[in-house]
Amino acid sequence: MASDSDRIFGYSRKTVLLEASRIAYAIAITGMVTLLVGFSLYWVDTELLGRAEPVVGVLLLILPLVLVPGLYSYDRRHERDLIIADAVMKVIRPIVALIRLFRGVGP
């Protein structure tokens, strides 16, 4: 049985750390998506957007409010732990390997 020192707010330490990492990944992924969308809108000609520019700006503000809870709940409903983190690592590892290869460090 776990002692009181292994519990945080009545939950096991493993559960608290798992939920905290889920929230952190959801916020990080949402931040990157929002930055990518924001920077791509910066490079788009404003005449191309026309009257839709304010709407796109509002959507850019709403995106994090929807994406963070969505990613968190998606990750929470799957049986495997940290399914989003696993997917992110599958994307990042090849990129890191390419960077190391181009820098001459090796795989």
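Structure values in brief
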{"quantity": "Test result for SER3, modelled with pLDDT of 75 or more, open to solvent by less than 60 Å² (accessible area, probe 1.4 Å) and out of contact with any Leu (no Cβ under 9 Å at 6 or more places or on another chain)", "calculated": "no"}
{"quantity": "Lone qualifier among VAL55, VAL33 - being of a type outside the set (Gly, Ala, Ser), modelled with pLDDT of 80 or more and open to solvent by 50 Å² or more (accessible area, probe 1.4 Å)", "calculated": "VAL33"}
{"quantity": "Sole residue being of a type outside the set (Phe, Trp, Tyr), more than 13 Å from the chain's Cα centre (by Cα) and modelled with pLDDT of 85 or more, chosen from ILE23, ILE8, ILE62, ILE27", "calculated": "ILE62"}
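The values are calculated or read from the model by the stated rules, or taken from the named source; none is laboratory data. All figures in this text were calculated on a predicted structure; none of them were measured in a lab. In this analysis, Cβ positions are derived from the backbone assuming ideal geometry, glycine residues included, and neighbour counts consider all displayed protein chains. In case anyone asks, the SASA skips ligands and DNA or RNA and just uses the protein heavy atoms, side chains included. Shrake-Rupley method; radii C 1.70, N 1.55, O 1.52, S 1.80 Å.
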